[in-house]
Amino acid sequence: MSFNFYVPAEQQVRDKAEFARKGIARGRSIAALEYDNGVLLLAENPSTALRKISEVYDRIAFAGVGRYNEFEMLRKAGIRQADLMGYLYSRDDVTAQAVATGFAEALGAIFSREQKPYEVEVLVAEVGTPNRLYRVSYDGTLYDERQVAAIGGKADVLVENLRKGWAEGMTLDAALAHGQAAFAAAEGRTLEGWEAAVLDRENGRRAFRRLQMPAS
């Protein structure tokens, strides 16, 4: 005879949250910070083939940490959502808030209904007046960030370091140098490679542009 052991709902939630946090903590962090013409997204990424930062729509970018296959599925779903919204309504109706809300709803449903939650965190950025930064956690919680944001294993320390030297109106070169220094201080080790992109309002409708980063 088999027995079904009762596990309180609160314990199930705690166990799933701990499982997701452990998976995310193993991932390398990603940072976003505003500069004078837009938003810089910067990640430690030794791979030249697997991207963690990408374009979603005209002025919107996506970044994900954790299990690559899981945040890649979310990224593709976000692009489809944005394309459909732009087709049915207007390109101006596609916003980072709408895309981030879609991610939050999907992750929240997975966390509540599935036995294994997604081991991911997502960052959605939009260049505009003002710029928008949204962070979505593994359980679907949506955070509206200001000026700087970070996701991944060292996110708390990284955000603290980013805020210390950030200044409104800083140039892209200054923001890039500040971001790299904040990463180095947070990690306390030699970094293995960079991936970087910008949403720049001077790029026209397609604001997203990848930066060529020198090898570490």
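No lab work stands behind these numbers, since they all come straight from the coordinates. Please read all numbers here as calculations on a predicted model, not as lab measurements. Here Cβ is always computed from backbone atoms with ideal geometry, including for glycine, and neighbour counts include all displayed protein chains.
Brief remarks on what is shown
- Ratio Rg/Rh, restricted to segment 11-114 and using Cα atoms, in which Rh is the Kirkwood radius: 1.00
- Of all lysines in the structure, those lying under 19 Å Cα to Cα from LYS154, and not within fewer than 8 positions of it along the same chain, are LYS22, LYS52, LYS164.
- Its residue count N fixes a reference of 2.2 N^0.38 Å for segment 177-216, and the Cα radius of gyration divided by that reference is 1.44.
- Stokes-Einstein diffusion for segment 100-141, with the hydrodynamic radius set to the Kirkwood value over Cα pairs and evaluated at 10 °C in a medium of 1.306 mPa s, equals 148 µm²/s.
- Shape of segment 92-168, Cα gyration tensor, a/c cut at 1.5: oblate
- Between the alpha-carbon centres of segment 65-114 and segment 38-63 there is a gap of 15 Å.
- Potential extension, ASP36-GLU192 segment - 0.36 nm per residue separation minus Cα distance: 53.4 nm
- Taking each residue as 0.36 nm, the span from TYR68 to ALA181 lengthens on full extension beyond its C-alpha to C-alpha distance by 38.1 nm.
- Estimated inter-spin distance, ASP92 and GLN12, nm [label 7 Å along Cα→Cβ]: 4.6 nm
- Principal-axis tilt of helix 96-113 within the chain, Cα atoms, nearest 10 degrees: 20 degrees
- Working note: Debye formula, equal point scatterers on the alpha-carbon atoms of segment 114-209, no solvent; log10 I(q)/I(0) at q = 0.21, 0.23 Å⁻¹ is -1.27, -1.41.
- P(r) of the chain over all Cα-Cα pairs, binned every 10 Å from zero, in whole percent: 8, 34, 35, 16, 5, 2, 0
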